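Every number in this text was worked out from the coordinates using simple rules, so none of it is lab data. Keep in mind it's a predicted model, so treat the numbers as computed, not measured. Reconstructed Cβ throughout: ideal geometry from the backbone, glycine too, with neighbour counts over all protein chains shown.
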Amino acid sequence: MSAETLVQLLYLVSTALFILSLRWMSDPETARKGVFSGVAAMLLAVAGTLAGVAATGGTHYWWILGAFVLGSAIGYPLALVPLTAVPQRTALSHAFGGLAAGLVGTAKYFLYYGQRNAEALAPFIVVALVAEILLGFLTFTGSLLAAGKLQEVAWIPQRPVTYPFQNLVNLLLFAVALGLGVALVLNPLAAWGPLAFGLIVLLSLAFGVLLIIPIGGADMPTVISILNSYAGLSAVAMGFVLNNKLLITAGALDGSSGLILSIIMCKAMNRSFTNVLFGAFGQAQQKAEGGEEKVYKADTTESAAQIMEQASLVVIVPGYGMAVAQAQHKVRELYDLLKKRGITVKFAIHPVAGRMPGHMNVLLAEAEIPYDDLVEMDEINGDMPQADVALIIGANDVVNPAARTDKTSPIYGMPIIDADKARTVYAIKRSKNPGFAGIDNELYFLDKTFMLFGDAKAVVGDLARKLAGEGGH
Ligand code: NAP
């Protein structure tokens, strides 16, 4: 087998593994296999690249191996972050991906320019180069900023930063970058070529920041998945520049999966793409004036346990707070104790509960709660009026009835879990603070609702102890 055939074979198997990886990752039962096949695909891609260097008689192995070691040294600790920090970790990965594409594009342009290689800088290649650096560098700064917002870095404003004619200014900057790109395509070897190229790089870096500052922290998870698709498209462009089919397919997979994920998130929040990108969602809301101070009814875990004992259907609605408190194992204990008493227990899974799609499924799977008892929002809502108890564990926006009734609410139209239709509602949270969207929740003031204030892990543990203590009958 010739070296070139070997390279193509490695790339082919790698491509197939990338596709299988995505397929397998879409189901919790096969997700682990999906992760391993993704890792294997990446290893084969690196092996293929090394074989390609050997095939062309190149000697720059060390650069590739050095980058491999450096990348692994950064990637390994990143893989160890807690689940709640995965969105910002993912944003950092996209930032690195965008930076890599941008740097490769820059290196290629300056290499060919130095060689005065008009053939290598044919119009099609320069179009791909411009697309690569534009998308690559804007993904780099945009993703860094998104990661910072998600991590709640003190000096990065969480609220959308807006100013007059913002979209117009952005559009103009983009038009200038595009104009420079067209000039470069028509005249890649001009004396002003490197200057134009440098300007496009600077504008793309600035554009990444300007695109993200008007978007509030609440929309960051959607935004990072949009940036994911930009990074993927940038890799596709890089694939055309380097004439590498693996990069083209892997980039296309990355780009389209990012796009599909953002569409799923937008749908689940009943928002449009343009509303997420330009809607400045999450600006400080004006408090309604003159309203009386509403009161919460706090209750004890003891009486909550008593009510739950009498129930025949308990629906648990987990949210971001369960993830923060890492309460899933205590939730499993509670689930076991209730089931032991013959009570039906179901988990109501909202598609955007937590901070990433599938967040609740992953946590509950970790605690080995049977998948069959995890019920999607549309399906469980039909059962909510029959539920004796809705136990809300650190969820807020996803059970806020304002989404159904209050046209002025920023979450109006978002589908919610109908917890308010259950006979009795218990809600676990630490304080009276609002959730992600920064708005009050009428559900907590209903007659049928009782608050169990405290950390989710501690309160659920307490509930389980109360149920176990009174067990045996
Ligand atoms: P949420 O609205 O952010 O509410 C979480 C609640 O958990 C808070 O009210 C908080 O109240 C409580 N909490 C935090 N830490 C806790 C702890 N240790 N123990 C007990 N309670 C704790 O969460 P959600 O209902 O899951 O809704 C998700 C939100 O994220 C939605 O607005 C959704 O649109 C947005 N979002 C999600 C995704 C996604 O893919 N999942 C993507 C984009 C946006 P206290 O501070 O009082 O404890």
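Quick notes on this one:
- Positive contributions from Lys and Arg (+1) and negative ones from Asp and Glu (-1), summed over other residues with Cβ under 13 Å from the Cβ of Ala367, come out at -2.
- Remark: region 301-469 is approximated by an ellipsoid whose semi-axes, taken from the C-alpha gyration tensor as √(5λ), come to 23, 17, 16 Å, largest first.
- Whole-Hz ³J(HN,Hα) from phi, Karplus 6.51 cos²θ - 1.76 cosθ + 1.60, for region 375-382, glycine and proline x: 10, 5, 3, 4, 6, 6, 4, x
- Between Ala118 and Tyr76, the simple label model (points 7 Å from Cα in the Cβ direction) yields a spacing of 5.1 nm.
- Relative contact order for the chain: 13 percent, from Cα pairs under 8 Å spaced at least 6 residues apart, divided by residue count.
- For the pair Asp27 and Ser303, label points projected 7 Å from Cα toward Cβ lie 4.7 nm apart.
- Region 3-140, relative contact order [Cα under 8 Å, separation at least 6], %: 20 percent
- For the set Lys294/Lys429; Lys149/Lys267; Lys108/Lys245; Lys294/Lys432; Lys429/Lys457; Lys346/Lys421, the pairs lying more than 19 angstrom apart at their alpha carbons are Lys149/Lys267.
- Each peptide in 406-414, 69-77 was scored by the mean count of other Cβ atoms within 10 Å over its residues; highest first, the order is 406-414, 69-77.
- Vicinal HN-Hα couplings computed from phi for region 168-173 (Karplus, 6.51 cos²θ - 1.76 cosθ + 1.60; Hz; Gly/Pro x): 5, 4, 4, 5, 5, 4
- Dimensionless Rg/Rh of the chain - Kirkwood Rh, Rg from C-alpha atoms: 1.05
- With eigenvalues of the C-alpha gyration tensor scaled by 5 and rooted, region 81-278, Å: 30, 19, 14
- Sum of side-chain charges, Asp219 neighbourhood, beta-carbon under 13 Å (Lys, Arg +1; Asp, Glu -1): +3
- Computed over every Cα-Cα pair of region 79-190 and binned at 5 Å starting from 0, the pair-distance distribution P(r) comes out as 2, 11, 15, 17, 16, 13, 10, 8, 6, 2, 0 percent.
- A protection proxy built from the mean count of other Cβ atoms within 10 Å ranks the segments 222-228, 208-214, most packed first, as 222-228, 208-214.
- DSSP-loop GluC sites (Glu not before Pro) across region 289-382, with at most 16 other Cβ within 10 angstrom: Glu289, Glu292, Glu293, Glu368
- Förster radius 30 Å - calculated FRET efficiency between Val153 and Val295, Cβ distance, rounded to 0.05: 0.25
- Database remark: amide H of Val425 closer than 5 angstrom to the amide H of Ala390, Thr449, Phe450 (H placed geometrically; neighbours at sequence offset of 5 or more, or on other chains; Pro and chain starts carry no H).
- Burial ranking of peptide ranges 316-327, 263-274 (average Cβ count within 10 Å, highest at the top): 316-327, 263-274
- Label-to-label distance, nm, for residues given as Gln386 and Glu366 (7 Å Cα→Cβ offset): 3.2 nm
- Loop-located chymotrypsin sites (Phe, Trp or Tyr not before Pro) in region 323-385 (DSSP state not H, G, I, E or B) with no more than 16 neighbouring Cβ atoms inside 10 Å do not occur.
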